[in-house]
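Asks: This is the structure I want to talk about, given as structure tokens.
No lab work stands behind these numbers, since they all come straight from the coordinates. As the structure is a prediction and not an experimental result, all values here were calculated from the model. Here the Cβ positions follow ideal geometry from the backbone for every residue, glycine too, while neighbour counts run over all protein chains shown.
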């Protein structure tokens with residue numbers, strides 16, 4: 001389930017792409033202080049997120065597939 005999740009490019013400047021071979025049920029982006037910047041529910045295998053509005057830094061991306069959650073660390077330039 002998690003081996004197929006791709007979060008790219010990392011580091012990101014504009015568009016962040018999150019894809020999986022299975023349907024994803026939600027995506028959450030938080031800063032390193034734990035503040036939720038984006039929380040969305042979906043039923044899709046791919047999502048593109050505009051990261052250009054976020055300041056430079058490190059972010060945590062949580063991807064939900066069914067009832068499981070996988071967290072990725074990304075760097076915004």
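Asks: Tally the residues that are within 15 Å of residue 16 (Cβ to Cβ) and either assigned to a strand (DSSP E or B) or in contact with a helix residue (DSSP H, G or I) (Cβ under 7 Å, 6 or more places away or on another chain) (or both), restricting the search to region 45-69. Spell out the reasoning first.
Replies: Initial filter on region 45-69 (within 15 Å of residue 16 (Cβ to Cβ)): 46-63.
Filter once more, keeping what is either assigned to a strand (DSSP E or B) or in contact with a helix residue (DSSP H, G or I) (Cβ under 7 Å, 6 or more places away or on another chain) (or both): 46-50, 57-63.
Final tally of qualifying residues: 12.
Asks: Related question: If you go through region 1-35, how many residues are more than 12 Å from the chain's Cα centre (by Cα), outside any loop (DSSP other than H, G, I, E, B) and under 11 Å from residue 59 (Cβ atoms)?
Replies: Adding up the residues that qualify gives 0.
Asks: Which one is nearest to the chain's Cα centre (by Cα), of the residues in region 37-56 that are farther than 18 Å from residue 70 by Cβ and exposed (fewer than 12 other Cβ atoms within 10 Å of the Cβ)?
Replies: Only one residue fits best here, namely 48.
Asks: While we're looking at this one, here's another question. Could you tell me whether region 44-56 includes any residue that is farther than 14 Å from residue 75 by Cβ and without any contact (Cβ under 8 Å) to a residue 24 or more places away in the chain?
Replies: Yes, region 44-56 contains a residue that is farther than 14 Å from residue 75 by Cβ and without any contact (Cβ under 8 Å) to a residue 24 or more places away in the chain.
Asks: Additional query: Tally time: how many residues in region 1-36 are more than 15 Å from residue 72 (Cα to Cα), without any contact (Cβ under 8 Å) to a residue 60 or more places away in the chain and either surrounded by 11 or more Cβ atoms within 10 Å (Cβ to Cβ) or in contact with a helix residue (DSSP H, G or I) (Cβ under 9 Å, 6 or more places away or on another chain) (or both)?
Replies: Summing the residues that are more than 15 Å from residue 72 (Cα to Cα), without any contact (Cβ under 8 Å) to a residue 60 or more places away in the chain and either surrounded by 11 or more Cβ atoms within 10 Å (Cβ to Cβ) or in contact with a helix residue (DSSP H, G or I) (Cβ under 9 Å, 6 or more places away or on another chain) (or both) in region 1-36 gives 6.
Asks: Of (1) surrounded by fewer than 12 Cβ atoms within 10 Å (Cβ to Cβ); (2) at negative phi, residue 60 satisfies all except one. Which?
Replies: (1)
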